[in-house]
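First the structure, in the form of structure tokens, and then the observations on it.
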Amino acid sequence: MKPASHHLAKCKRCSAPIVWCLTSANGKKQPVNYEPDETGNVAVMQGADGKLYVRAVTAARPEIRPGEWQAKPHQATCPVRQLPGRSSAPTQRAERGVRPVPWQR
């Protein structure tokens, strides 16, 4: 099974096809790869409201239920993913050669 094409979006960093899902645990948005993947660790389903919902596939709940498809979170596969709090762009201080004091790191 594959998500409907109207859910298709593109990653802002790598332009890969993704879908935005709501996590079943806390309702936060999570990007998931558009293509189903049997090695993925999330299960995606479309709710009655037309939105996509995602849940973790765990040892306690390993089964993929009817109406769900298995996929990978996009953060796990994005080739240009940045770690939280890290930036590849130099800061103004770094450009000027100014080193921050220890409490500013």
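The values are calculated or read from the model by the stated rules, or taken from the named source; none is laboratory data. Remember, it's a predicted structure, so these values are computed and weren't measured experimentally. All Cβ positions, even for glycine, are placed from backbone atoms using ideal geometry, and neighbour counts span all protein chains on display. When the accessible area is computed, the model is the full protein with side chains, heavy atoms only, and any ligands, DNA or RNA have been set aside. Shrake-Rupley method; radii C 1.70, N 1.55, O 1.52, S 1.80 Å.
Scanning region 22-48 for residues that are open to solvent by 70 Å² or more (accessible area, probe 1.4 Å) and of a type outside the set (S, T, N, Q), which turns out farthest from Ala59 (Cα to Cα)?
Of everything passing the filter in region 22-48, Ala48 is farthest from Ala59 (Cα to Cα).
Can you tell me how many residues in region 7-44 are over 21 Å from Pro66 (Cα atoms), assigned to a loop (DSSP other than H, G, I, E, B) and either of a type in the set (A, V, I, L, M) or in contact (Cβ under 8 Å) with a residue 12 or more places away in the chain (or both)?
4
If Ala4 passes every condition in (1) surrounded by 11 or more Cβ atoms within 10 Å (Cβ to Cβ); (2) closer than 15 Å to Glu68 by Cβ but one, which one does it miss?
Against the list (1) surrounded by 11 or more Cβ atoms within 10 Å (Cβ to Cβ); (2) closer than 15 Å to Glu68 by Cβ, Ala4 comes up short only on (1).
Using beta carbons and a limit of 7 Å, which pairs, at least six apart or on different chains, have the first residue in region 45-69 and within 18 Å of Val32 (Cα to Cα) and the second one open to solvent by less than 60 Å² (accessible area, probe 1.4 Å) and charged (D, E, K, R)?
Met45/Glu68
Given (1) outside any loop (DSSP other than H, G, I, E, B); (2) out of contact with any Pro (no Cβ under 7 Å at 6 or more places or on another chain), identify the lone condition not met by Ile64.
Only one criterion is unmet by Ile64, namely (1).
Can Val19 be described as open to solvent by less than 80 Å² (accessible area, probe 1.4 Å) and in contact with a His (Cβ under 6 Å, 6 or more places away or on another chain)?
Here the answer is yes, as Val19 does meet what is asked.
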